[in-house]
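Chemist: Got a structure here, written out as structure tokens. Questions coming.
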Amino acid sequence: MRLEGIHHITAITGDAPGNVDFYARVLGLRLVKKTVNQDDPTVYHLFYADEKGSPGSDITFFEYPGARRGQAGDGMVHRVIWRVAAEEALDFWATRLGAEGTEVARTEGSLTFADPEGLGLELVVVETADDPLIAESPEIPSELALQGFHAVRAYSSQPDRSRSFLEEALGFEGRGDSAFEARGEQRGSLYEYDATDDPAIPGAGTVHHVAWSSPPEEHEAWRQRVQEAGATPTPVIDRFYFKSIYFREPSGVLFEIATMGPGFTADEPLETLGERLSLPPNYEQLRDQVEPALTPLPNPREAWAAKS
């Protein structure tokens, strides 16, 4: 069995409207699902991805209105890294982000910056046979757009303690002293460590967990394998758009293994993904109570359509 790279990355925001503006308008990702946190239906769970909502492109946010900023530290992912096709894409993004008032740092093959709440982000030029996972935006040429995840970087005070678990239990392959690759038949992603002893403080602008992709038929086998390696996975949880198990790897980072399907078209058509509040079936009867309590959100696609 091989995990098919990163499935999704979930972080925390204290400002859902600002979050939509940055990830959907500025970065040009598609808001593919506007739903609620299934463990707390009073707050949003927002999903941004490519045009089809593909695993490997999906960054999601739990919204806790007004949440204080957190601090990435030991046992937490601190940077999300997307692929782009060429240096010309980095030129484009340096200009676009600069015009938005976002500070960037440019090196050959890389552009680093942070979102408005301080979450570390990076774009890297990558040559790969993996399919580019691209969202459509009238402001971003497709050849310059984000192409899906390349990696995440995590902090650990003792990264060596995770090596055997990552390689033997999860089938990651070592890439040097502190990097590992999860690569399946369709795509792959890197998981890399940076050393720190600083404590992690969860809050806005921090990553909650990183999820890895599993074919649905292998999901139960992955749970057993993780358990046999000494971790403590949750039971399989049905998230409606995919099934999940959660556990912490030895460095303390919260991992999820999520199935590649059924996907975000399970409850709305591809053409209108993310335009309506989607509620899991067990919450649908609460729509009249839930929807008025949520913050109204901008829709960049409506704004673009109005200009055309």
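The values are calculated or read from the model by the stated rules, or taken from the named source; none is laboratory data. The shown structure was predicted, so the numbers you read here are calculated from the model rather than taken from an experiment. We place every Cβ from the backbone using ideal geometry, glycine too, and count neighbours over all the protein chains shown.
Chemist: Select from the stretch 238-249 the residues that are under 15 Å from His208 (Cβ atoms) and of a type outside the set (Phe, Trp, Tyr) and write down the one among them that is surrounded by the fewest Cβ atoms within 10 Å (Cβ to Cβ).
Modeler: Arg248
Chemist: If I ask for residues that are in contact with a helix residue (DSSP H, G or I) (Cβ under 8 Å, 6 or more places away or on another chain) and within 15 Å of Ser142 (Cβ to Cβ), which ones from the stretch 52-85 would you list?
Modeler: Within the stretch 52-85, Lys52, Val84, Ala85 qualify.
Chemist: Further question on the same structure: Mind listing just one residue for me: the one in the stretch 184-216 that is of a type in the set (Val, Ile, Thr) and surrounded by fewer than 21 Cβ atoms within 10 Å (Cβ to Cβ) and, of those, nearest to Asp74 (Cα to Cα)?
Modeler: The residue in question is Thr196.
Chemist: Still on this model: Search the stretch 128-172 for residues being outside any loop (DSSP other than H, G, I, E, B), of a type outside the set (Lys, Arg) and loosely packed, with under 14 Cβ neighbours inside 10 Å, and hand back the single one that is modelled with the lowest pLDDT.
Modeler: Per the stated criteria, the residue is Asp160.
Chemist: Quick check, is Arg83 basic (Lys, Arg), surrounded by 14 or more Cβ atoms within 10 Å (Cβ to Cβ) and in a strand (DSSP E or B)?
Modeler: Yes, satisfied.
Chemist: Here is a follow-up. Tell me which of these Gly205 doesn't satisfy, since it passes every other one: (1) at pLDDT below 95; (2) farther than 22 Å from Lys243 by Cα.
Modeler: All conditions are met except number (1).
Chemist: Also, I was wondering about something else. Would you mind stating whether Leu46 is buried (at least 20 other Cβ atoms within 10 Å of the Cβ) and part of a strand (DSSP E or B)?
Modeler: yes
Chemist: Out of (1) within 28 Å of Phe247 (Cα to Cα); (2) of a type in the set (Asp, Glu); (3) surrounded by fewer than 24 Cβ atoms within 10 Å (Cβ to Cβ), what's the single condition that is false for Asp58?
Modeler: Among (1) within 28 Å of Phe247 (Cα to Cα); (2) of a type in the set (Asp, Glu); (3) surrounded by fewer than 24 Cβ atoms within 10 Å (Cβ to Cβ), the lone unmet condition for Asp58 is (3).
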